[in-house]
1. Is it fair to say E87 is under 21 Å from A192 (Cα atoms) and away from the ligand (no atom under 16 Å from the Cβ)?
2. Looking only at residues in segment 133-177 that are within 16 Å of the ligand (Cβ to nearest atom) and of a type in the set (G, A, S), which one is nearest to L203 (Cα to Cα)?
3. What do you reckon, is E47 more than 26 Å from M194 (Cβ to Cβ) and acidic (D, E)?
4. Based on what the data block shows, is P44 free of Cβ contacts under 8 Å to residues at least 12 places away in the same chain, farther than 30 Å from L203 by Cβ, surrounded by 13 or more Cβ atoms within 10 Å (Cβ to Cβ) and not assigned by TED's automatic domain parsing to the domain that holds F107?
5. If you go through segment 74-111, how many residues are among the hydroxyl-bearing types (S, T, Y) and free of Cβ contacts under 8 Å to residues at least 40 places away in the same chain?
6. For segment 90-118, how many residues meet the condition of being out of contact with any strand residue (DSSP E or B) (no Cβ under 7 Å at 6 or more places or on another chain) and away from the ligand (no atom under 16 Å from the Cβ)?
Amino acid sequence: MRIDEEEARIDAGTRSEGDSGARPTEEEARQAIRTLLAYIGDEPDREGLRETPARVIRAMKEHYAGYEQEPETYLSKVFEEVAGYDELVLVSDIEIMSHCEHHMVPFVGKAHVAYIPNGRVVGLSKIARVVDVFAKRLQVQEKLTAQIAKAIDEVLKPQGVAVVIQAQHFCMCYRGVKKPESWTTTSKLLGAFMDEASTRMELLTLMGLPRALGSGR
Ligand SMILES: [Zn+2]
């Protein structure tokens, strides 16, 4: 699009104030879904599909809610009165449902997040929130893993952060190479988890413990 055309578009109010790029309106987004329905060979106007564009946009708002959120919102409320607790905190098996940025199809799995506080501890549910902030965007698993670790590292400034994600990618399961049983594991270790073998061992031991009450005991 040429610059004068772009300016005309802004003047016409087809883009909301404060957006850095040309963000389409919701109506334009629905039209795009209609176009895709026609493109795959279906009829967007038939009964069963009439409400589909609106439903798809609603679902997308949910799947990509992370674009409207920042991790600091959840990490800035810290508890400093934790009686000097400065040992490893591990939140495991956080459900992940994200979408790969190459195919826009889901990848699902679990995240395990550990950190060693440095005087500041955050509510456990906030860790799960931070995972969601980044998972609810278009992602690649490696980037997702690193972004979660970096956000916790920057805001809490802990002695160390470790993020491990295990996921199954629909783009690998049901298209392309079609390997439905394959799991991808990624990890990002910072601070003490990177520098100290004993801390890393402790993490692996805790991650390997049976988690459901009664299981394996
Ligand atoms: Zn993909």
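1. Here the answer is yes, as E87 does meet what is asked.
2. Among them, the one singled out is A167.
3. Working: more than 26 Å from M194 (Cβ to Cβ): yes; acidic (D, E): yes.
Judged against the criteria, E47 is a match.
4. Values: free of Cβ contacts under 8 Å to residues at least 12 places away in the same chain: yes; farther than 30 Å from L203 by Cβ: yes; surrounded by 13 or more Cβ atoms within 10 Å (Cβ to Cβ): yes; not assigned by TED's automatic domain parsing to the domain that holds F107: yes.
Yes: the conditions hold for P44.
5. Of the residues in segment 74-111, 1 are among the hydroxyl-bearing types (S, T, Y) and free of Cβ contacts under 8 Å to residues at least 40 places away in the same chain.
6. 1
Yes/no per residue for (1) in contact with a Phe, Trp or Tyr (Cβ under 8 Å, 6 or more places away or on another chain); (2) on the phi < 0 side of the Ramachandran plot; (3) free of Cβ contacts under 8 Å to residues at least 60 places away in the same chain; (4) surrounded by fewer than 19 Cβ atoms within 10 Å (Cβ to Cβ):
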{"residue": "A135", "(1), (2), (3), (4)": "no, yes, no, no"}
{"residue": "Q141", "(1), (2), (3), (4)": "yes, yes, yes, no"}
{"residue": "A146", "(1), (2), (3), (4)": "no, yes, yes, yes"}
{"residue": "A151", "(1), (2), (3), (4)": "yes, yes, no, no"}
{"residue": "V163", "(1), (2), (3), (4)": "no, yes, yes, no"}
{"residue": "K178", "(1), (2), (3), (4)": "no, no, yes, yes"}
{"residue": "W183", "(1), (2), (3), (4)": "no, yes, no, yes"}
{"residue": "G191", "(1), (2), (3), (4)": "no, no, no, no"}
{"residue": "D195", "(1), (2), (3), (4)": "no, yes, yes, yes"}
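The values are calculated or read from the model by the stated rules, or taken from the named source; none is laboratory data. On a predicted model such as this, the values are computed, not experimentally measured, just so you know. When we count neighbours, we look across all protein chains shown, and the Cβ atoms used for this are built from the backbone with ideal geometry, even at glycine.
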